1. Can you pull out every residue in the stretch 71-121 that is over 18 Å from Arg8 (Cβ atoms), surrounded by 14 or more Cβ atoms within 10 Å (Cβ to Cβ) and polar (S, T, N, Q)?
2. Among the candidates Gly180, Gly212, which residue alone is surrounded by fewer than 16 Cβ atoms within 10 Å (Cβ to Cβ) and either without any contact (Cβ under 8 Å) to a residue 12 or more places away in the chain or part of a helix (DSSP H, G or I) (or both)?
3. Scan the stretch 76-102 for residues that are in a helix (DSSP H, G or I) and either small (Gly, Ala, Ser) or touching a residue at least 24 places away in the same chain (Cβ under 8 Å) (or both) and jot them down.
4. Name the residues in the stretch 61-90 that are under 10 Å from Val168 (Cβ atoms) and of a type in the set (S, T, N, Q), would you?
5. Please work out which residue is surrounded by the fewest Cβ atoms within 10 Å (Cβ to Cβ), limiting yourself to the stretch 40-66 and to residues that are over 18 Å from Gly133 (Cα atoms) and of a type in the set (Gly, Ala, Ser).
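Just so you know, all these numbers are worked out from the coordinates, no wet-lab data involved. None of the values given here were measured: they were computed from a predicted structure. Methodologically, a virtual Cβ is constructed for each residue, glycine included, from the backbone with ideal geometry; neighbour enumeration extends over all protein chains shown.
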Amino acid sequence: MTSAPVLRPKRAFVVFLAFLAAQLVVGASIGFGGGLWYVLTYGPGPHVAANVQRAVMVPAVLAGEIIGGIVAFRMTRRTLSGPIGSGALLSIGWSRARARDVLLASSAGVALALLYLFGLVAGSRPSPGHEWGPLAAAVSSGGWPLHAWAVLALVVAPPVEEFVFRGVLFTGLRQSWSLGSAGAFVLLLFVAAHFSEIASYGPAVIGVALVGGATLVARIATRSLVPAIALHASYNLCLVVVTYLSAV
């Protein structure tokens with residue numbers, strides 16, 4: 001009798017690195033292509049870099065997240081093969097969750113977002129003329145970049161990031177590491193993956209860490225990624241709503 005395939009720490013980390021590499025390659029390709037198109041269309045000028053950054057940043061991040069997620073999923077399926085309906089991905093949290101757990105997780109996401117927005121951010125407002133990171137600057141310009149970012153935040157990032165971090169990476173590390181060590185390392189990598197947000201606004205590290213920690217708790221408590229995805233998405237929904245309201 002053959003034993004069920006197991007996602008080991010080394011393989012999980014390779015999947016994670018491939019996820020990051022795919023994002024970098026896609027982002028760099030879109031950035032280079034967008035920059036070349038802009039220069040050929042409008043010609044060189046003093047604001048070329050800023051204009052190109054605003055135009056390509058959100059599409060690059062969105063496409064990178066999607067392609068990275070596909071790469072991570074395909075690599076995971078090479079290890080955890082077999083019919084998904086028969087539980088091939090059950091070990092990484094690919095399973096149904098009770099409606100009560102999903103509702104509780106969603107409520108927790110909203111509560112954390114309100115705590116961050118009206119507690120931390122309200123008490124640490126950036127000074128006038130604050131220089132935001134490339135993604136925030138592109139989103140603040142409004143128009144289609146704002147709408148594309150909303151799609152990224154609500155539809156793409158929650159399932160992809162939960163699959164990679166709380167699904168693949170956490171499950172793989174738990175094969176050899178303690179619960180605390182695996183959870184802490186996954187949280188550290190999750191925060192580091194959001195460096196561009198944190199670098200331009202230091203207090204954002206607390207918001208990212210809160211989401212990373214809460215989704216990990218939801219994943220462990222329910223053994224499913226669904227509540228973690230719901231928490232992540234509901235947190236992001238609050239950020240999206242506030243961003244749209246401030247753009248009006």
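1. Those that are over 18 Å from Arg8 (Cβ atoms), surrounded by 14 or more Cβ atoms within 10 Å (Cβ to Cβ) and polar (S, T, N, Q): Ser95, Ser106.
2. Values: Gly212 fails: surrounded by fewer than 16 Cβ atoms within 10 Å (Cβ to Cβ).
Every option except Gly180 fails the conditions.
3. Residues of the stretch 76-102 in a helix (DSSP H, G or I): 76-79, 84-86, 90-92, 99-102.
Hits for the stretch 76-102 are Thr76, Thr79, Gly85, Ser86, Ser91, Ile92, Ala99, Asp101, Val102.
4. Within the stretch 61-90, Thr76, Thr79 meet the criteria.
5. Gly43
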